[in-house]
Structure formats: C-alpha cells, structure tokens
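Colleague: Following this message is one structure expressed as structure tokens.
The values are calculated or read from the model by the stated rules, or taken from the named source; none is laboratory data. Just so you know, these numbers come straight off a predicted model, no measurement behind them. Because the Cβ atoms are built from the backbone with ideal geometry, glycine has one as well, and the counts that use them run over all protein chains shown. Ligands, DNA and RNA are excluded from the accessible area calculation, which covers all protein heavy atoms including side chains. Shrake-Rupley method; radii C 1.70, N 1.55, O 1.52, S 1.80 Å.
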Amino acid sequence: MSCSGEFVEKEPELIQIKPNIVQQLKKAKYGVADHSTVELCHWTKKSFKNEGTCYKHKFYGISTHKCMEFSPAGMHCENRCVYCWRPMEFYDSLKMDKQKVAEPKDIMSKLMEERRKLIVGHFGDPRQDKQKIEESLIPSHYAISLSGEPTMYPKLPDLIKYLKSLEATKSIFLVTNGQEPEMIQRLADEDALPTQLYLSTNASDYDSFLKINRPKYDDSWQRWNKTLEMLADLDTRTVLRVTLIKDWNDSEKMMSGYRSIFEKSNVHFIEIKSYMHIGRSTNRLEYENMVEMDDVRKFSEQITKKSDRFEVMDESEVSRIVVLQNKKRFTERYLSAYA
Ligand code: SF4
C-alpha cells in the first residue's frame, strides 16, 4: 500500500540462481545475472594470446575473440546428460515462469557488464593482443549455449530479435536439446530464428537416449523427434551435434539408427565430436570414454560411404571433430558469404 493509500502491485521477484551455486559459478569464472550466465570461452582466451581459434571459426568463419557465450537459462534444463561438463546436478526446475524472468535487454546489459569484467583483466598481461581484447568488448558472434537449456527461456524470440538489432551482430548460434519443440516453432513464427540452430544428438535409439540424456520428461523422446523433424524445413542453417562417448553410443550396431536420423533431419551440417573429459563430467565418465580422432573419422566415413547426401567438409584434430556437409541442401559454409 503506498503512502497515498493506493494499492501498488509489487513487481514479481525474478528467478535467481541460488547463492551457493552463484558462488561456485563465480569461482569457475562465470558471470551471473538473475537466471542467466556468461563465460569467456577457453578459445576466446587463447585467441587473445594468438594461440589459435575455435573449430567454429575454422568451419564457418565466426569470430572467436568477438564471441559471447551465454545462456538465459543458466541453471534450468530438462535433461541430466551424463557427458555434461556443467554443474548440472544443481539444475533447477523444469519451468521458467514468464512473469518471473528478466527482459531480454536487461539480461544482455547485465551479462555484457559481467563479460566486460571477465575481459578487462586480460589487458594487464603483456603476452595478450590488446587490439583483440579491445575488439572483443563488442561481440559480433553470440553462442547461446553455455549452460542449461536456452529454449526454456520464455522470451527467447525477443532476445534473439534484440541481438539481431545490434549493429555489430554478425551471427547467432543456438544449441538446443530438443525438449521444447514449441519454442522452435515460435522462433520460426516470430521471425527470430538464429543464424545456425544446433540439435544435440547423442543417441541412435530410445534406450541409449534415456541412458545418456537422463531426461525428466516422460515424453522426452517424442519431444526430441518432433524437433528433429522440424529441422528439415526450417528457414535457417541447421546442424546435428553428435557427441560420441566411447562404449556408450559409438557401436557398430547403432550405425543404421544414426543413418536414418541423419537422413530424416536433412540438416545442412553434422558435427561429429568426441566427448571431452572435462568439468563436472569427470565425476560421471572416464577419460577412456573419449573417442580417438581416428575413430571419429571412421564413424564419419561409415556415414558418408552409405549416404548420397552427406560428405566430409572439414575436421579439427585438437577438438576431435569432423563436420559433414549436406550436398542436397547445400549452403555456403562461411558466414562471411552472408555479410
Ligand atoms: S563459438 Fe563456441 S567454441 Fe568458439 S569461441 Fe564461441 S563459445 Fe568458444
């Protein structure tokens, strides 16, 4: 009640990441704002020292040092994937109430400030390229992935439209676990599709899907397949991101399942990558569960030799990844071609 006796509606409290988790995330060099997270990617930091760029720069030409990696759903996810390097044990509820989430502009201004704080410390190191650090303060590429499931954020279409409205923006990549097909439909309907949409694909059948993703929704497999089916007609660049885990999802008998999934998706690119024994995943998997680069190549050849659609486009040995390109739904690989 205001002093003039009028009834004043109290602003609903925004969803917050729990303080003890914020503490752990800050220790891991994350920036946190309400329910969102930001981080300086390992490759962005390496590029400041001119020690290389990420495979997405090599494959698609994105700017590694001007990349902003963040998530509007930092600690919200519907799955508990065994290979996840994030602290997913702390993931929160299955719903983000639309009344209690921050507005896209607020998220971005707060995260940009958190990111600036993570960057400015690099100016003090004489080994680092000051011009690159300076340029990195205004992102041109957004990687909406980092932690949690971004499609759980109910205002995602407005967020992507806001990023597209920024003059410096060249590209926006969004990674989804496929559990929110309605949100993918909304992105299409509201003209808010990212430059490149990734669907995490790490199982060729229902049983291994449950074993690897440990989903919370009973209809998780149907949700994932619904998202998969949408990719074939979406008016943007589409990618299946396959995480291979040795002795979990890389066996010979799974190949036919993968082939039919890949053909059905008709995506532009398929990234086939080894699981990496890093972060919190080391509590769940062994070092031996990483797949050797030669085996990643062999898996890829097994796909391409029986496909008249996909062929090997490129690879990155350090990231243990091979990327396939769709000859029948061809698009120029380098995004600069679109600039
Ligand atoms: S695109 Fe991905 S790998 Fe490359 S710098 Fe950005 S977050 Fe890192």
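Colleague: Can you compute the charge dipole magnitude of the chain about its Cα centre, using +1 on each Lys and Arg Cβ and -1 on each Asp and Glu Cβ, nothing else charged? Give it in debye, rounded to the nearest 20.
Modeller: 720
Colleague: Gain in length, LYS264 to GLN16, computed as 0.36 nm per residue apart minus the alpha-carbon separation, to one decimal in nm?
Modeller: Extra length from LYS264 to GLN16 when fully extended: 85.4 nm.
Colleague: Would you mind pulling out the separation of the Cα centroids of segment 230-250 and segment 278-339, in Å?
Modeller: Using only Cα atoms to place each centre, the spacing works out to 10 Å.
Colleague: Order of 78-84, 258-264 by packing, highest average Cβ count within 10 Å first? Could you put the intermediate results ahead of the total?
Modeller: Numbers: 78-84: 20.7, 258-264: 17.4.
Sorting 78-84, 258-264 by mean packing, highest first, produces 78-84, 258-264.
Colleague: Next question, about the same structure. Nearest 10 degrees, 0 to 90: what angle lies between the long axis of helix 220-231 and the longest principal axis of the chain (Cα atoms)?
Modeller: 80
Colleague: Please report the antiparallel percentage of the DSSP beta bridges confined to the chain, to the nearest 5.
Modeller: Percent antiparallel among DSSP bridges in the chain is about 45.
Colleague: Sticking with this structure for a sec: Give the calculated FRET efficiency between GLU167 and ARG116 to the nearest 0.05, with a Förster radius of 22 Å applied to their Cβ-Cβ distance.
Modeller: Computed FRET efficiency for GLU167 and ARG116 comes out at 0.75.
Colleague: Only helical DSSP H runs with n ≥ 4 go in: add -39500 (n - 2.57) per run for the chain, normalise by residue count and round the 222 nm mean residue ellipticity to 500 deg cm²/dmol. Don't skip to the end; give the middle numbers.
Modeller: Details: 11 runs with 108 residues, N = 339.
Counting only the DSSP helices, I get -9500 deg cm²/dmol.
Colleague: Right, another one. Amide H of ARG237: which non-local residues (sequence gap of 5 or more, or other chain) have their own amide H closer than 5 Å, using H built in the peptide plane?
Modeller: Those qualifying (amide H under 5 Å, at least 5 residues apart or on another chain) are LEU197.
Colleague: Let me ask another. Before I look further, what does the chain give for accessible area per residue, probe 1.4 Å, in whole square angstrom?
Modeller: Here the per-residue accessible area is 46 Å².
Colleague: If you average over every viewing direction, what projected area does the convex hull of the Cα atoms of segment 19-326 give, in nm²?
Modeller: Hull-based average projected area comes out at 15.1 nm².
Colleague: A follow-up question, please. Need one number: nm distance between label points at ASP205 and LYS253, each 7 Å from Cα along Cα→Cβ, rounded to one decimal.
Modeller: It works out to 0.6 nm between the two label points.
Colleague: Of all the accessible heavy-atom surface of the chain, with the other protein chains kept in place and a 1.4 Å probe, what percent is carbon and sulfur?
Modeller: The computed percentage sits at 51.
Colleague: Okay, next question. Antiparallel as a % of all DSSP beta bridges within segment 214-339, to the nearest 5?
Modeller: 65
Colleague: I want to make sure I understand the PRE zone here: with the label point 7 angstrom from the Cα of ILE278 toward its beta carbon, which residues in segment 133-172 have backbone N atoms less than 15 Å away?
Modeller: 145-147
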